Amino acid sequence: MEIDNCYEFAQVLAAKIDKYMRFGQRKVKDVDGKERPMWRTRWWVPDGRHGDQPHPPLLLVFNRVGPRNPDTVIAQLAELTQWHWQGTAYDDGFHMYDGKLPIVVTGMKQLQEHGPAGAVFRRFGRPHNQTLLEAIGNPRREAYDARQQAEYAACEREYKE
């Protein structure tokens, strides 16, 4: 989580995100002797599905105190860090975010007005605000997986009949 009082340039925030990503790429041997990303030795994240390894999200909260316009900073920051967060689009309408960093932004004022359960979070690359769980998740991928499972179950039932 990064709280910005609108004093830093987007380039400074992008440099912090670069440093965060370098940290996320470090590997160490865990207590079981297996090599894994260092951050996984401290923070738990459920295992990803095939081809989609989760990465801990980064939440940026902008508190409009300083001279910078957070809307401008957010747009510049999204452009400067695109290669960190942009997923691969699939024809089935979802994205895969293998090794990508979910960057989610909101404003302190929005949090105060709507609370942390409100749809006040915008994930880079998505066109509208969402709840925090939707923003850090991959609802389109989950819907695709549910459709695939339903199709498989229907075929299996048909085969058994």
Query - Failed item in (1) part of a helix (DSSP H, G or I); (2) open to solvent by 70 Å² or more (accessible area, probe 1.4 Å); (3) closer than 18 Å to Arg126 by Cα, with Asp92 passing the rest - result: (1)
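Residue-by-condition table, conditions (1) touching a Ser or Thr at 6+ places or on another chain (Cβ under 9 Å); (2) of a type in the set (A, V, I, L, M); (3) under 30 Å from Tyr7 (Cβ atoms); (4) in contact (Cβ under 8 Å) with a residue 24 or more places away in the chain:
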{"site": "Gln76", "(1), (2), (3), (4)": "no, no, yes, yes"}
{"site": "Thr81", "(1), (2), (3), (4)": "no, no, yes, yes"}
{"site": "His114", "(1), (2), (3), (4)": "no, no, yes, no"}
{"site": "Gly125", "(1), (2), (3), (4)": "no, no, yes, yes"}
{"site": "Ala146", "(1), (2), (3), (4)": "no, yes, no, no"}
{"site": "Gln149", "(1), (2), (3), (4)": "no, no, no, no"}
{"site": "Ala154", "(1), (2), (3), (4)": "no, yes, no, no"}
Query raised in the report: Filtering the stretch 127-142 down to residues that are free of Cβ contacts under 8 Å to residues at least 24 places away in the same chain and not polar (S, T, N, Q), which residue is most open to solvent (accessible area, probe 1.4 Å)?
Result: Leu133
Requested in this report: Consider Val12 carefully, then state whether it is out of contact with any Asp or Glu (no Cβ under 8 Å at 6 or more places or on another chain), over 22 Å from Gly125 (Cα atoms) and open to solvent by 30 Å² or more (accessible area, probe 1.4 Å).
Outcome: no
Requested in this report: Answer with yes or no whether Val65 is more than 12 Å from the chain's Cα centre (by Cα), within 29 Å of Ala15 (Cα to Cα) and either of a type in the set (Asp, Glu) or open to solvent by 50 Å² or more (accessible area, probe 1.4 Å) (or both).
Outcome: yes
Query - When residues of the stretch 143-161 are limited to those that are open to solvent by less than 100 Å² (accessible area, probe 1.4 Å) and acidic (Asp, Glu), the one farthest from Gly87 (Cα to Cα) - result: Glu156
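The values are calculated or read from the model by the stated rules, or taken from the named source; none is laboratory data. Keep in mind that what you see is a predicted model, and the values were worked out from it rather than measured. Quick reminder, even Gly has a Cβ in these numbers, built from the backbone with ideal geometry, and neighbours come from all protein chains shown. Side chains included, ligands, DNA and RNA excluded: accessible areas come from the protein's heavy atoms. Shrake-Rupley method; radii C 1.70, N 1.55, O 1.52, S 1.80 Å.
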